[in-house]
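The values are calculated or read from the model by the stated rules, or taken from the named source; none is laboratory data. What you are looking at is a predicted structure, and each value in this text was computed from that prediction instead of being measured. Cβ placement follows ideal geometry from the backbone for every residue including glycine, while neighbour counts extend to all protein chains displayed. Only protein heavy atoms, including side chains, enter the accessible area calculation; ligands, DNA and RNA are left aside. Shrake-Rupley method; radii C 1.70, N 1.55, O 1.52, S 1.80 Å.
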Amino acid sequence: MEILNDSLLTFTAAGRIILAILTGVAAFSTLWGCVNLCRRQPLLPRISAPLLVCAATLFLAGFALIIWLHGQIHQLLPLVLPDELVPWLNRQLAAINRSAAYGLPLYDPAAPPRYLLPPWLENEKYFFWFLCSAIMALFAHRRMASHRFRAALHLLLAIQVGIILLAANPFAAPLPRFFAEISPWFAEAAPIRKFGLFMQLYPKLTFYYNAHYMWVHPPLLFLSYSAITIVFITSCLMLSRRDPAVETLGYDFAKLGFLALTTGMLLGYPWALKAWGPNWWWDPKICSSIMLWAVFSTYLHTRLYANKPVMWYFSSFLGILSFAAMLFTLLASFFFPGEHTFQ
Amino acid sequence: MPQRTASYDYYLILASVVVLFAISAICIYGMFSFKFAQVQNMAPALKYAHMDRLNAIVAPFVVALITILGICIPKRLLPTHWLNRFAVLLLTVAGTVGFAFGAKTALLLILAASLLLQFAVLALALTGSQRIRFERTGYWLRLGSTLMHLGLILFVLDLYFYPYPTLHLALFWATTGATTLGMLFCFYAQPLANLLQPENKEHPACTE
């Protein structure tokens, strides 16, 4: 693990600088957002777009830094076993594979297993989610000139930066659970203990960290969460005024969100079969995700009739409810036990 | 924003909304019952009993959803008065089959009928036929909507074939393909039409 120390120090130091600048931008955004939300006429409208561009650029820089750290982990931390254990291990793996629906690849000493971590693990997932939100906020900003709508986008961004700083900083202590899992491997020298640790780490490396589905299932869901957040802002605005342009903007983001949510949920299914087997139906996270999908799908159906006054308000209420359902789905991972738990 | 008045479609949408809300409520109940019963710590047999109990609770609403789907699909092919007759006929036949052979067979019958009709709608949508009845116009939009609904039928059918892993996974990928393509065609009909037929930019291939 010492081999990674320099990279971790660089990562933390660079991350701290990015977050410090991002905090400054978020402070300006909060100020601009609060003032413009309360005013009838826009104040300093020209600084709105540059602030959002700055925030999105900083999020992109942070995301690039996370990718760099994962590249270092891939390069520097292979799971190398002593040569004398390899035939024994491969006999064990072959025996396991005979009775398993989805087998583990045999160990190849010429190419030992390496972690190929996706950049949305642990706290990084919030950073990726808010990166998507920042980029979507830029697009939404271009589409709608309303200063109150833009103010809401700024406040949303500021809240997200606040969450990163206070509760989900990916740079302060990078990947704590991942490093807690793999540290014993790099501290252990006795071959028999090393073998035991390998058998603990290898299935998780194969079916979780390095799984192909890991590159599509979570990012699609975070993309949908970002789109639902923009739908939430447009739905709130719809409650205050009947402007079809606001509804159309919300619908455009809802379409993207629904596409990402449905595809992401569907792609989680074969992964769950592979990693957990069949015994995971009615898992709380699955329930809440189906609930979110059902509510969001209802929103998309009702907005077809948004020309009726009742359906206009019902549709905007459902947009807000979809956001509440999304938050509930996210928080479910903390408070409900099951396969997706963060407890 | 589309301008629409109340229609058969509208009431079917309202019925779908009610059923989807009920399923959402059951999902929330499922979450809390999982937590309070500590299902994650149960022996496999008790876990399966918990899943069976929740399956039994949600089953009537899934049946309602399948039935709405069964009534919804022929609306693309039939006028309203024939649609009413078709709905009554479908429910009568399904009820009789259910009484004679069990609820599962009746549901399979509705799903099979829906699937056949949806394939017919798909064929007509693919050929660009004007005989199918959509409230919205445009080739890609109609094709997308058809594929999305085909994906939904395949998904429910896929759950039916859960005990057969190979067929189950094959159907699952067909579901995913149809749904994703359907959403892309339906939601991005205009950019797609512009991309494939740039000369038709002034005569949009779809309207919402």
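Between beta-carbons, use under 13 Å as the cut-off and find the net charge around A:Met238, counting Lys and Arg +1, Asp and Glu -1.
Working: positive: A:Arg148, A:Arg241, A:Arg242, A:Arg303; negative: A:Asp243, A:Glu247.
For residues surrounding A:Met238, the net value is +2.
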Charge dipole (the protein assembly as shown, unit charges on Cβ, about Cα centre) - positive-most of A:Val35, A:Leu58, A:Leu261: A:Val35
Shielded residues, segment B:50-74 - accessible-area loss of 40 Å² or more between chain alone and all protein chains, probe 1.4 Å: B:Met51
Where no second cysteine Cβ lies under 4.7 Å, the cysteines concerned in chain A: A:Cys34, A:Cys38, A:Cys54, A:Cys132, A:Cys236
Interface size A-B, as summed buried accessible area [1.4 Å probe, Å², nearest 100]: 4500 Å²
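Around A:Leu175, what is the net charge, scoring Lys/Arg as +1 and Asp/Glu as -1 over all other residues with Cβ under 14 Å from its Cβ? Can you show the working numbers first?
Numbers: positive: A:Lys125, A:Arg177, A:Lys204; negative: A:Glu122, A:Glu124, A:Glu181.
After counting each charged neighbour, the total is 0.
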Fluctuation leader among A:Trp271, A:Trp312, A:Trp282 - chain A, Gaussian network, Cα springs under 10 angstrom: A:Trp282
Between segment B:19-57 and segment A:32-59, the alpha-carbon center distance in angstrom: 46 Å
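May I ask you to order A:19-27, A:313-321 by the average number of other C-beta atoms within 10 Å around their residues, highest value first? Let's see the in-between values first.
Numbers: A:19-27: 17.7, A:313-321: 21.3.
For the peptides A:19-27, A:313-321, the packing ranking is A:313-321, A:19-27.
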Rounded, prolate or oblate (a/c below 1.5 giving rounded, otherwise prolate when a/b exceeds b/c) for chain A by Cα gyration tensor: oblate
Value of relative contact order over segment A:25-122, rounded to a whole percent, pairs C-alpha under 8 Å and six or more apart: 30 percent
Among A:Val231, A:Ala167, A:Ile182 - extreme Cα towards positive end, dipole of segment A:150-242, charges at beta-carbon: A:Val231
Shielding by partners, peptide B:154-165 (average Cβ within 10 angstrom, other chains): 1
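Please calculate how many Å² of accessible area segment A:241-343 carries per residue, with a 1.4 Å probe and no DNA, RNA or ligand atoms counted.
Working: 3280 Å² over 103 residues.
In whole numbers, segment A:241-343 has 32 Å² accessible per residue.
Just checking the output field for A:297-304: average partner chain Cβ neighbours within 10 Å of each residue's Cβ?
Working: counts 4, 8, 1, 1, 8, 4, 2, 9.
The shielding value for this peptide is 5.
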Proximal charge balance of B:Ile71 [Cβ under 15 Å; K/R count +1, D/E count -1]: +3
Exercise: per-residue mean of other protein chain Cβ atoms within 10 Å, B:21-34: 6
Relative contact order, percent, chain A [alpha-carbon distance under 8 Å, six or more residues apart]: 18 percent
